[in-house]
Amino acid sequence: MNPPAIAIDGPAASGKSTVAKLIAKELGYTFINTGAMYRAVTWYTLKQGVNPADTAAVVALLPGIPLAFGKDGAVSTVMCEGRVLTDELTETATNENVSAIAAIPEVRALLVEKQREYNLAEPVVMEGRDIGTVVFPNTPFKYFVTASEEVRAARRAAQGLTDSIAERDRKDSARACAPLTQAEDAQLVDTSDLSIEQVVAHIVADIRSRI
Ligand code: DC
């Protein structure tokens, strides 16, 4: 049996990243940001001059891709050729192309394998779109964190990011492979009218009552 895995899924700018990070801290688990993994593959694809819409060319890049998925303390990192990727992951070009890259089944298969590896030796709080449905379908700890579109757009703007989240969610929900969807056995947490502290307290209490 693997250590516990907490699955936090939801649309863009739902607050799931902030919430997942705090839950991990509270429980002493490692926080894994899977969006950063899809973003890193997207950034590298663009850097190589490969068109993200050219699926065959993207798939051909994968075997030699120089990305290392590791940790810094209790937080996941992505390194490329010895350097931790940070700002590259939220560049406009990365934002605009990540949904196309994330729709490629071979990309997902590679990253899902890496995501599961994080949980072999230690408990994790993992956030993404398909954690409860695909990465850890058997975990009893699944939360689908969402907020109204207006609230999410305002949160994105407050982060200083210009990102068409509605468009990205549409693409992420419509793709054939592992679309953004709430797992049947996930708890829905609408954060529109809740503070971060309230959301974290609710989820941590639920986990502690069952672990
Ligand atoms: O969480 P984020 O906004 O950084 O994720 C970026 C994109 O990566 C998102 O639009 C869809 C994709 N993604 C995914 O398909 N599956 C995941 N588990 C995480 C992210």
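The values are calculated or read from the model by the stated rules, or taken from the named source; none is laboratory data. What you see is a predicted model, and the numbers here were worked out from it, not measured in a lab. Glycine also receives a Cβ, built like all others from the backbone with ideal geometry; neighbour counts cover every protein chain displayed.
Mind checking which residues of region 167-211 are hydroxyl-bearing (Ser, Thr, Tyr), at pLDDT below 95 and more than 18 Å from the chain's Cα centre (by Cα)? Ser192, Ser195, listed by residue number. Only one of the numbered conditions (1) away from the ligand (no atom under 11 Å from the Cβ); (2) closer than 18 Å to Pro4 by Cβ is violated by Gly132, and that is (1). If we scan region 166-180, do we find a residue that is within 16 Å of the ligand (Cβ to nearest atom) and farther than 23 Å from Val135 by Cβ? Yes. Every test in (1) in contact with a helix residue (DSSP H, G or I) (Cβ under 7 Å, 6 or more places away or on another chain); (2) of a type outside the set (Lys, Arg); (3) away from the ligand (no atom under 11 Å from the Cβ) is passed by Ala102 save one, and that test is (3).
Name every residue in region 86-101 that is buried (at least 20 other Cβ atoms within 10 Å of the Cβ) and touching a Lys or Arg at 6+ places or on another chain (Cβ under 7 Å), in order of residue number. Answer for region 86-101, where residues must be buried (at least 20 other Cβ atoms within 10 Å of the Cβ) and touching a Lys or Arg at 6+ places or on another chain (Cβ under 7 Å): Thr94, Val98, Ser99.
Kindly indicate whether Asp193 is among the acidic types (Asp, Glu) and over 17 Å from Ala100 (Cα atoms). So Asp193 passes the test.
Just so you know, in region 4-29 the residues that are surrounded by fewer than 24 Cβ atoms within 10 Å (Cβ to Cβ) and of a type in the set (Ser, Thr, Tyr) include one that is modelled with the highest pLDDT, and it is Tyr29.
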